[in-house]
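Presented below is the structure to which this report refers.
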């Protein structure tokens, strides 16, 4: 629910209280000026069985909501960490940039189906700065059968060192100005020789890039069931 009238949002919070978890921010850390980790703590988080890549939702203005994917969830201690890319291009980024320790917020979720298949032994993750939190979380709790991972993060020059800063295994690819996604497509064409049933592909970030990458995979014979997609943004559109 990216957007709804204020009266309806207020009504939902009062009427469906079980869907909202009360949290307070206990930690804020900047890995870079535009990369911010926030820890949300709350007793309600102790009862949740979170799976990597499941997302949560926050009300970021009186009328707008945004989905974010935690990078870590500690059920025993009742907290979750979310990594925000502060790109400054929307209400979600503005909201996240202003958050500080002791702020109280309502958290919705978690939920979502961007889940690692149990039968995968190899994984390919492809995304951009908006997917760092998602892919970091997935790498921390891999199924026992996964033995090989390739993670590619397309990013601006200033963000090339971000995966290393957060302790994430990834290959940073510097984006080609005016051609977002092109560098990922080139990498995939160079490295994808034949399809196999043991590799799961996780495509996230820009919606158009995801569509193009999926087209390349399918044309090479990769079954659609082995491709997971999670768009976070599309140029000119709000609220994905």
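Values quoted throughout were computed directly from the atomic coordinates according to the rules given, and no laboratory measurement underlies them. Just so it is clear, the model here is predicted, and its values are computed rather than measured. Methodologically, a virtual Cβ is constructed for each residue, glycine included, from the backbone with ideal geometry; neighbour enumeration extends over all protein chains shown.
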Principal axis dimensions, largest first and in whole angstrom, of the range 92-167 by Cα | 41, 34, 18
Viscosity 1.567 mPa s, 4 °C: Kirkwood-radius Stokes-Einstein D of the range 110-206 over Cα pairs, µm²/s = 92 µm²/s
The range 1-123, convex hull of Cα, quarter of hull surface, nm² -> 8.7 nm²
Pairwise FRET efficiency - residue 197 versus residue 87, Cβ, R0 = 35 Å, nearest 0.05 = 0.40
Show me 51-62, 71-82 ranked by packing, highest mean number of other Cβ atoms within 10 Å first.
-> 51-62, 71-82
Using helices alone, what [θ] at 222 nm do you get for the chain, with -39,500 (n - 2.57) per DSSP H run of 4 or more residues, divided over all residues and rounded to the nearest 500?
-> -6500 deg cm²/dmol
Antiparallel %, DSSP beta bridges [both residues in the chain], to 5 = 60 percent
What is the Å³ per residue value for the convex hull set by the Cα atoms of the range 1-67?
-> 119 Å³
May I ask for the distance between the Cα centers of the range 1-47 and the range 100-150, given as a whole number of Å?
-> 19 Å
Order these peptides, 31-37, 149-155, 203-209, by their mean beta-carbon neighbour count within 10 angstrom, highest first.
-> 203-209, 149-155, 31-37
Label assignment, mean projected area of the Cα convex hull in nm² derived from the structure, set [x] 16.3; [y] 13.0; [z] 18.4 | [y]
Figure the gain on full extension for residue 140 and residue 12 (residue separation times 0.36 nm, minus the Cα-Cα span) and round it to one decimal in nm.
-> 42.7 nm
